[in-house]
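Single-structure report; data block below.
The values are calculated or read from the model by the stated rules, or taken from the named source; none is laboratory data. None of the values given here were measured: they were computed from a predicted structure. Here the Cβ positions follow ideal geometry from the backbone for every residue, glycine too, while neighbour counts run over all protein chains shown. Quick note on the areas: whole protein, heavy atoms, side chains included, nothing else; ligands and nucleic acids left out. Shrake-Rupley method; radii C 1.70, N 1.55, O 1.52, S 1.80 Å.
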Amino acid sequence: MFACYTGLSHLDVKELSMDNIVKGIDGNQWISTKREKTDKPGKVPLIPRARAILEKYRNIDRIGPIGRLLPMSSNQKTNTYLKEVVAACGIDKNLTFHVARHTFATMVMLSNNVPIETVSKLLGHTKLSTTQIYARVMESKISKDINNLLVRFKNKERKRNTGT
């Protein structure tokens with residue numbers, strides 16, 4: 001769930017320590033990491049739901065010399081557990097840890113009107129076209145945006161007809 005609220009990869013979540021929690025220029029807490037896949041720095045806001053998950057595990061014994069924040073299995077083992085949960089729930093979906101990044105991009109960010117350029121930066125993508133793949137699955141967002149556009153058209157037409 002933490003990755004659904006941060007968009008971080010499995011390894012980035014697994015390696016997370018208190019050193020990665022920083023105060024941003026906005027005064028809020030952010031996660032500052034060096035992305036494992038690209039070896040580039042990345043920053044993600046620590047939104048309340050993600051902060052609550054960290055708080056839940058605050059008193060666990062920290063793992064390793066850097067004191068990792070969350071207890072994590074290997075990516076392979078985590079994906080095995082997710083497959084068991086999906087099967088037990090009768091869900092017909094191939095669920096892996098990586099799906100959390102998609103959830104973050106689509107359900108947390110894009111469906112809440114965060115611009116795709118911002119989402120791309122948060123995910124650590126070097127090309128906007130990589131992020132646009134996530135946006136394609138947002139049919140409900142497209143529908144909502146078009147409906148908002150139609151409302152604006154109606155309002156303009158109404159103003160034009162009433163002379164205001």
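Computed over the chain with a Gaussian network model linking Cα atoms closer than 10 Å, the most mobile of ASP26, ASP12, ASP145 is ASP26. With viscosity 1.567 mPa s and temperature 4 °C, the Kirkwood radius over alpha carbon pairs of region 5-73 converts through Stokes-Einstein to a diffusion coefficient of 104 µm²/s.
What FRET efficiency do you get for ASN75 and ASN113 if R0 is 41 Å and r is their Cβ-Cβ distance, rounded to the nearest 0.05? It comes to 0.85. Amide H contacts under 5 Å for ARG68: ILE63, restricted to partners 5 or more places along the chain or on a different chain, H placed in the peptide plane at 1.01 Å from N. Principal axis extents of the C-alpha atoms in the chain (largest first, rounded to whole Å): 70, 44, 30.
Solvent-accessible area assigned to carbon and sulfur over region 34-155 amounts to 56 percent, based on a 1.4 Å probe. Tell me which lysines have Cα within less than 18 Å of LYS34's Cα, excluding those fewer than 8 residues away on the same chain? The reachable lysines, counting only those whose Cα sits under 18 Å from LYS34, are LYS14, LYS23, LYS43, LYS121, LYS127. Protein heavy-atom accessible surface, 1.4 Å probe, per residue over the chain: 67 Å². With a cut-off of 18 Å on the backbone N, the residues of region 1-20 near the modelled label site 7 Å out from CYS89 along Cα-Cβ are 1-7. Couplings 3J(HN,Hα) for region 9-15, derived from phi with the Karplus relation 6.51 cos²θ - 1.76 cosθ + 1.60 (θ = phi - 60°), are 6, 4, 5, 5, 5, 4, 8 Hz, where x marks Gly and Pro.
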